[in-house]
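Everything below concerns the one structure shown next.
The values are calculated or read from the model by the stated rules, or taken from the named source; none is laboratory data. Just so you know, these numbers come straight off a predicted model, no measurement behind them. Virtual Cβ from ideal backbone geometry, glycine too; neighbours counted across all protein chains shown. Note: areas computed on protein heavy atoms with side chains; ligands, DNA, RNA excluded. Shrake-Rupley method; radii C 1.70, N 1.55, O 1.52, S 1.80 Å.
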Amino acid sequence: MAAQIINGKAFAASVRKKVGEHVARLKSEHDIIPGLAVVLVGEDPASQVYVRSKGKQTAEVGMKSIEHKLKANISERELLALIKLLNEDETIHGILVQLPLPKHLNEDLVINSIDPAKDVDGFHISNVGLLGTGQKSMVPCTPLGCLMLLRDHHRSLSGLDAVVIGRSNIVGKPMAQLLLGESCTVTIAHSRTKDLPDVIRRADIVIAAVGRPEMVVGDWIKPGATVIDVGINRIDKPEGGTRLVGDADFSSCSEVSGAITPVPGGVGPMTIACLLANTVTACCRSHDLKEPDGLTV
Ligand code: NDP
């Protein structure tokens with residue numbers, strides 16, 4: 001039986017709508033406008049596209065959007081000074097430094113200089129620790145988006161076997177923590193995992209966050225399992241040009257799985273929607289106001 005397609009594009013639109021409604025309420029009832037500052041260092045074309053898209057969607061939901069575009073050769077001292085200013089700016093509730101940074105900048109130092117309460121990417125070591133110990137934190141956007149899709153699809157995730165393929169700090173590890181928080185039995189697989197297909201065949205939920213085009217195939221999937229494909233890979237088409245594919249082979253996986261996210265239109269749109277959700281959450285927390293329901297864990 002063909003899998004149900006999990007429509008991340010539509011779900012992301014519903015998250016943005018909810019964020020927009022909450023922003024309007026913050027404005028009318030408290031005269032507060034949530035603000036997001038995005039810092040881009042250098043001219044990486046992919047990063048420029050992401051930053052443009054983030055700025056546009058931030059403004060569309062009624063929030064204040066600020067972009068700082070900095071030269072690739074900016075010194076670490078100058079960048080840290082800008083982050084200090086943003087930390088102190090009461091009209092800014094979320095700060096995002098677009099990664100990767102040029103090699104001469106210490107990424108960990110820069111990320112950990114952001115006020116954890118404004119760390120809407122959820123990469124600050126304090127937020128990593130809070131998430132790992134099951135406390136209220138800012139949750140990284142992509143895993144948060146995956147969890148929202150899973151919660152929407154499954155009535156309960158408790159007791160399900162989940163395999164997360166990939167152990168990066170931005171996707172794999174926080175994803176595993178979130179699933180553990182939902183009482184899944186979680187396995188994290190990576191490049192050294194022995195017999196990956198066998199590990200994946202046990203899973204009710206497969207999260208593919210590998211960065212290898214169409215690596216996960218239908219033969220590895222337990223019938224009826226849910227496949228969440230985080231991968232974004234651009235590959236050449238035989239007839240010329242390129243197309244986007246995920247880390248799972250959609251055609252074979254969708255024949256076996258119970259539900260699957262497509263690429264594009266699955267996890268991708270959820271990431272920016274969750275960035276907006278995190279910004280409104282950070283704004284509410286900073287003013288000690290009730291957080292919107294369903295926009296965080
Ligand atoms: P990383 O490159 O940081 O991590 C990839 C992980 O996959 C590593 O842990 C690596 O293992 C593991 N891996 C690599 N090859 C294999 C293999 N053959 N078998 C098993 N595991 C393997 O990637 P990210 O986590 O940053 O991103 C993962 C994917 O998600 C990418 O396609 C990226 O483009 C996409 N992405 C999508 C986002 C979205 O908004 N939808 C946001 C962020 C990422 P090891 O640690 O052993 O090297």
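Here are some notes:
- For segment 54-163, Kirkwood radius (reciprocal of mean inverse C-alpha pair distance, Å): 16.0
- Entry comment: accessible area of segment 31-116 is 53 Å² per residue, from protein heavy atoms only and a probe of 1.4 Å.
- DSSP bridge pairs, segment 141-269: antiparallel proportion in percent, nearest 5: 20
- Rg(Cα)/(2.2 N^0.38 Å) for the chain, N = residue count: 1.00
- Principal axis box of segment 178-297, alpha-carbon based, largest edge first, Å: 52, 39, 27
- Long pairs among K103/K194; K17/K54; K64/K173; K18/K64; K56/K118, criterion Cα-Cα beyond 25 Å: K103/K194; K64/K173
- When the convex hull of its Cα atoms is viewed from all sides, segment 31-116 shows a mean projected area of 5.4 nm².
- With both residues required to sit in the chain, DSSP beta bridges show an antiparallel share near 10%.
- On Cα atoms only, tilt of 8-30 relative to the major axis of the chain in degrees: 20
- Computed 3J(HN,Hα) for segment 176-193, one whole-Hz value per residue from the Karplus formula 6.51 cos²θ - 1.76 cosθ + 1.60 where θ = phi - 60°, is 4, 4, 5, 5, 4, x, 8, 6, 7, 8, 10, 10, 9, 9, 8, 5, 9, 5, glycine and proline marked x.
- Surface exposure of segment 149-201, expressed per residue as accessible area with a 1.4 Å probe, stands at 54 Å².
- Angle in degrees between helix 141-153 and the longest Cα principal axis of the chain, rounded to the nearest 10: 50
- Helix 76-88 axis, angle to the chain major axis (alpha carbon atoms, nearest 10°): 80
- Those Cys residues of the chain for which no other cysteine Cβ falls under 4.7 Å: C146, C184, C253, C283, C284
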